[in-house]
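Right, one structure below, let's go through it.
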Amino acid sequence: MNPGGMVGKAVPRIEDDALLRGRARFVDDIHLPGMLEAAFVRSPHAHAAIRGIDTAAAAAVPGVVAVFTAGDLVPHLTAERLVVGLPSPSYRLEVDRPVLASDEVVHVGEPVAIVVAASRYVAEDAAALVEIDYDPLPVAENCRDALADDAPRVHSREPHNLVAAFDMAYGDIDQAFARAPHVLRESFWQHRGVAHSMECRGVVAAHDPIGNRLTVWSSTQTPHPAKRLICALLGRDDEEVRVVAPDLGGGFGPKLVFYPEEIVVPLASILLGRPVKWIEDRREHFVATTQERDQYWDMAIAIDGDGRILGIRGSLIHDHGAYTARGVNVPYGSAVTVPLPYNVPAYRLDVKLALTNKVPVTPIRGAGQPQATFVMERLLDRVARELGLDRAEVRRRNLVHADQMPCEKPLKLRGGTFVALDSGDFPTAMADVLAKTGWADFRARQEAARAAGRHIGIGLANYVEGTGRGPFEPVKVRVTSNGRIRVASGATAMGQSTQTMLAQIVADQLGGDMANVSVTTGDTAAINLGFGGFNSRQAVMAGNSAHAAAMKVRKKILKAASAMLEVAEDDLEIVGTRVALKGVSEHGIALGAIARALDGSPGYKLPGDLEPGLEAEEHVIVHDMAFSSGSAVAEVEVDVDTGAVTVTRFTLAHDCGRMINPMIVDGQVVGGIVHGIGNALFEWMGFDAEAQPVTTNFGEYLLVTATEIPEIEILHRQSPSPLNTLGVKGVGESGVIPTPAAIISAVEDALSPYGVRIAQAPVSPADIIALINGASGRA
């Protein structure tokens with residue numbers, strides 16, 4: 001089969017058979033002989049000093065094997081805190097999470113002790129008997145208030161709550177505003193939410209004393225970084241620790257973080273000499289797994305008389321939570337993203353990260369980009385309203401054009417390289433989605449609906465997404481002695497079809513039979529290096545490494561077969577599991593025979609004087625990010641008596657470069673759109689004035705269900721990225737980025753007779769009723 005025939009086809013997912021037949025193995029499906037189960041004792045206080053811990057009653061419960069506190073575990077570790085923050089010069093404070101809290105707790109849900117028992121039931125009961133003498137301390141609940149000089153300190157040992165600060169700036173912003181005929185100001189608030197993958201977190205650990213090897217199964221997006229941290233904390237060599245990410249029931253960002261449980265459970269297994277399992281329940285997920293958002297923006301936009309942008313400036317206060325669990329990347333991503341789709345001559349954003357006594361904040365699908373897109377698109381809606389222009393026309397006048405590509409922006413990524421939009425045609429994508437949704441004639445439909453007593457609206461949002469964060473993701477391709485093709489990668493599958501993607505790319509070069517390709521991801525024993533899954537990176541990074549490795553193996557196969565068959569390489573092709581003469585499939589040799597020949601025999605030359613073995617490992621290095629893009633239109637209907645919003649139609653014109661598998665792209669984009677609907681209208685992680693969480697079940701914290709999903713249509717555009725051989729860009733987060741902005745714009749449009757202005761997300765029915773009542777009056 002000629003290479004190139006597989007990539008671009010909507011082939012079925014190879015993951016589905018095991019999932020549908022119940023043969024998938026999630027972390028809670030792992031059962032080992034003699035395994036114990038664990039439960040964590042967590043703080044009920046948002047902020048308190050710990051005066052003492054009494055574990056005697058818990059330890060006396062029948063079936064309890066051990067109760068460990070920080071004092072028991074720290075002597076066995078090289079450090080007592082998890083130093084995991086990504087490097088940045090912007091930090092003002094070092095607030096790393098302890099393995100277990102010992103003297104102070106700073107958010108509800110922080111782990112203080114672990115109970116290990118014969119069953120989870122016994123462990124839970126015993127955990128309730130651990131007596132902790134807490135001395136409650138003042139709480140910082142709101143990130144804006146936390147920056148005041150007299151605000152309660154989130155950590156009693158720290159002098160203030162400003163954990164980091166930086167600015168993002170280019171151009172002469174003062175001059176832009178000084179000469180602008182129009183300056184408009186807006187403030188925005190985007191509230192905190194939770195990822196809520198179907199599967200919560202979990203860890204299973206088993207120590208083999210004979211081989212002195214620790215194996216850890218974790219529901220993680222990043223097994224290789226987890227292994228490095230475990231090795232460092234336990235003082236162990238790489239060969240002594242294996243981390244495996246089994247099947248994951250979703251990730252969405254928080255599972256890329258390394259948590260205290262991922263070191264406490266393995267250490268407990270070592271100390272007890274038995275396997276230990278801990279599975280997070282949903283209540284824990286609400287208070288112990290990282291969250292995102294709570295951002296307050298005060299922004300101004302300077303425009304000329306035609307609505308063209310002269311400059312944008314403002315400030316962002318970002319809720320960092322109680323600890324640094326990842327770094328400053330969420331607000332940094334927000335700051336970089338604001339001006340990307342548009343020609344913005346001058347820009348300045350001052351960013352402050354405030355500590356609060358809440359769950360730490362790390363990326364969730366989109367990682368700050370949906371928030372930035374919301375701000376940018378809401379500003380443009382304001383421009384259109386003030387100048388009496390169509391919302392699409394304002395965007396058309398400001399969008400980056402295809403002839404500007406590659407378009408360099410004077411904004412630095414966190415690695416120090418400048419942003420360069422690599423490819424795309426933003427105005428055409430917007431034109432496509434406007435035409436498909438009948439934007440031009442929507443006003444007539446709207447007037448007819450209003451005459452019938454219905455309030456419908458339409459909204460538009462453009463976006464650019466940075467994808468494919470490097471520097472690499474290795475892939476090894478090997479042909480075994482029985483002719484099977486084995487693929488291993490540090491990439492991590494979490495429901496986004498990573499195995500299908502890699503198998504499709506490799507099969508494209510090695511015979512076209514995906515059934516002959518088996519893929520191992522997320523296992524540190526299968527490949528030495530890796531980063532894992534986050535930032536819409538795996539098709540870009542692992543995909544290109546897989547392509548490069550498969551190309552090397554292909555070249556070696558054909559050269560060996562040429563020598564063994566005494567036929568010119570150019571006359572051969574790989575078809576299924578054989579190498580054959582082109583057009584004469586019966587004359588050839590099996591891949592397994594070639595692999596065995598390259599294993600060598602004592603005293604004999606290898607075919608074609610090749611190096612031994614039929615495998616290749618590649619680490620394609622790409623430092624620049626590939627930028628996906630698109631344009632979304634949302635249509636809604638609002639019940640002005642109840643405040644209920646129904647999204648009736650959602651259309652997205654989307655460009656992720658060359659598509660490896662259009663079916664997978666559709667699934668990822670639709671999933672992102674659904675996530676975005678939740679961010680716009682449903683998901684609200686509430687806290688009271690004492691930073692106590694008040695939405696800790698799905699009766700209070702609302703998730704989108706099938707009944708809320710509208711008709712969704714995706715228009716594909718493909719502008720291959722020049723940054724990698726496959727021409728691909730990431731897609732996993734694209735759908736979520738423009739969705740809240742488009743929906744909120746549509747809701748505001750539906751309520752335009754009332755003069756309603758919406759500057760927050762999510763927006764609830766109660767919010768809408770309050771906005772209607774507080775605006776100019778009911779129509």
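The values are calculated or read from the model by the stated rules, or taken from the named source; none is laboratory data. No experiment lies behind these values; they were computed from the predicted model shown. Here the Cβ positions follow ideal geometry from the backbone for every residue, glycine too, while neighbour counts run over all protein chains shown. Ligands, DNA and RNA are stripped out before the accessible areas are found, and what is left, the full protein with its side chains, is counted by its heavy atoms. Shrake-Rupley method; radii C 1.70, N 1.55, O 1.52, S 1.80 Å.
Which shape class, rounded, prolate or oblate, goes with region 349-421 when its Cα gyration tensor gives a ≥ b ≥ c as root eigenvalues, a/c under 1.5 marks rounded, and past that a/b bigger than b/c marks prolate? Taking the square roots of the gyration eigenvalues as a ≥ b ≥ c, region 349-421 is oblate.
Carbon-plus-sulfur accessible fraction, the chain (probe radius 1.4 Å, protein heavy atoms only): 51%. Would you please classify the overall shape of region 659-700 from the alpha carbon gyration tensor, given that a ≥ b ≥ c denote the square roots of the eigenvalues, rounded means a/c under 1.5, and beyond that prolate means a/b larger than b/c while oblate covers the rest? Since a/c reaches 1.5 and a/b is larger than b/c, the shape of region 659-700 is classed as prolate.
Where both residues lie in region 275-356, what percent of DSSP beta bridges are antiparallel, nearest 5? Within region 275-356, antiparallel bridges account for around 50 percent of the total.
Compared with the rule-of-thumb size 2.2 N^0.38 Å for a compact globular protein, region 532-677 has a Cα radius of gyration ratio of 1.69. Largest accessible area first, the listed residues S218, S518 line up as S518, S218 when surface is computed with a 1.4 Å probe on the assembled protein chains.
Rolling a 1.4 Å probe over the protein heavy atoms leaves E611 with an accessible area of roughly 130 Å².
Could you check what % of the DSSP bridge pairs in region 578-726 are antiparallel, to the nearest 5?
Counting DSSP beta bridges with both partners in region 578-726, the antiparallel share is about 70 percent.
Rounded to the nearest whole angstrom, the semi-axes of the ellipsoid equivalent to region 179-221, taken from the Cα gyration tensor as √(5λ), stand at 53, 15, 6, largest first. Spatially, region 234-310 and region 31-92 are offset by 17 Å when compared through their Cα centroids. Distance between the modelled labels on I210 and E131, one decimal in nanometres: 4.5 nm (7 Å Cα→Cβ projection). By the helix-only formula, in which each DSSP H run with n ≥ 4 contributes -39500 (n - 2.57) and the sum is divided by residues, the chain has a 222 nm mean residue ellipticity of -8000 deg cm²/dmol. Taking every alpha-carbon pair under 8 Å whose residues sit at least 6 apart, the chain reaches a relative contact order of 15 percent. The residues of the chain expose on average 36 square angstrom of accessible surface per residue, using a 1.4 Å probe on protein heavy atoms. Computed from point charges on the beta carbon alone (+1 for Lys and Arg, -1 for Asp and Glu), the dipole magnitude for the chain about its Cα centre is near 1280 Debye. Near R179: Cβ cut-off under 15 Å, other residues only, Lys/Arg at +1 and Asp/Glu at -1. The net charge is -2. The fraction of all Cα pairs in region 521-567 landing in successive 5 Å bins from 0 to the largest distance is 5, 17, 17, 19, 14, 10, 9, 7, 3, 1, given as whole percents. Along the positive direction of the dipole of region 470-618 (beta-carbon charges: Lys, Arg +1; Asp, Glu -1; about the Cα centre), which of L606, A515, A580 reaches farthest? The Cα lying farthest towards the positive end belongs to A515. Between A10 and A515, the FRET efficiency estimated from the beta carbon spacing at R0 = 22 angstrom works out to 0.85.
A straight line joining the Cα centroids of region 163-191 and region 649-677 runs 32 Å.
The accessible area of Y134, taken with all protein chains in place and a 1.4 Å probe, comes to roughly 40 Å².
Dividing the C-alpha radius of gyration of region 216-351 by 2.2 N^0.38 Å, with N its residue count, gives 1.49.
Please give me, ordered by residue number, the trypsin sites (Lys or Arg not before Pro) of region 1-50 that lie in loop per DSSP and have at most 14 other Cβ atoms within 10 Å. Here the sparse-neighbourhood loop sites are K9, R21, R23, R25. For the set K605, K556, K436, the ranking by accessible area, highest first and with no ligand, DNA or RNA atoms included, is K605, K436, K556 under a 1.4 Å probe. The alpha carbon radius of gyration of region 479-564, expressed as a multiple of 2.2 N^0.38 Å, is 1.10. One chain, two ends: L606 and R649. Fully extended at 0.36 nm per residue, the span grows by 9.3 nm beyond their Cα-Cα distance. Would you be so kind as to identify which of A18, V99, N482 lies farthest towards the positive end of the dipole of the chain, taking Lys and Arg as +1 and Asp and Glu as -1 on Cβ and the Cα centre as origin? Positive-end residue among those listed: N482.
Within the chain, antiparallel bridges make up roughly 80 percent of the DSSP beta bridges whose residues both belong there. Each label point is 7 Å from the Cα along the Cα-to-Cβ direction; what then is the distance between the points at E569 and K412, in nm? Label-label distance for E569 and K412, simple model: 4.4 nm.
Binning all Cα-Cα separations of region 470-618 at 5 Å, short to long from zero, yields these whole-percent fractions: 2, 11, 20, 21, 17, 12, 9, 5, 2, 0, 0. With the dipole of region 362-444 worked out from charges on the C-beta (+1 for Lys and Arg, -1 for Asp and Glu) around the Cα centre, which of G424, G368, A392 lies farthest toward the positive end? Farthest along the dipole direction, towards plus: G368. For V84, the solvent-accessible surface with a 1.4 Å probe is about 30 Å², rounded to the nearest 10.
Counting only the Cα atoms, the chain fills a convex hull of 175 Å³ per residue. These residues, D149, D425, go from largest to smallest accessible area, 1.4 Å probe, as D149, D425.
Projected onto planes of every orientation and averaged, the convex hull of the alpha-carbon atoms in region 155-240 covers 12.5 nm².
When only the Cβ of Lys, Arg, Asp and Glu is charged (+1, +1, -1, -1), the dipole of region 470-618 relative to its Cα centre reaches about 220 debye. Projecting the alpha carbon convex hull of region 685-736 along each direction and taking the average yields 7.1 nm². Where a ≥ b ≥ c are the square roots of the eigenvalues of the C-alpha gyration tensor, would you call region 1-110 rounded, which needs a/c under 1.5, or, failing that, prolate if a/b is larger than b/c, or oblate? Since a/c reaches 1.5 but b/c is at least a/b, the shape of region 1-110 is classed as oblate.
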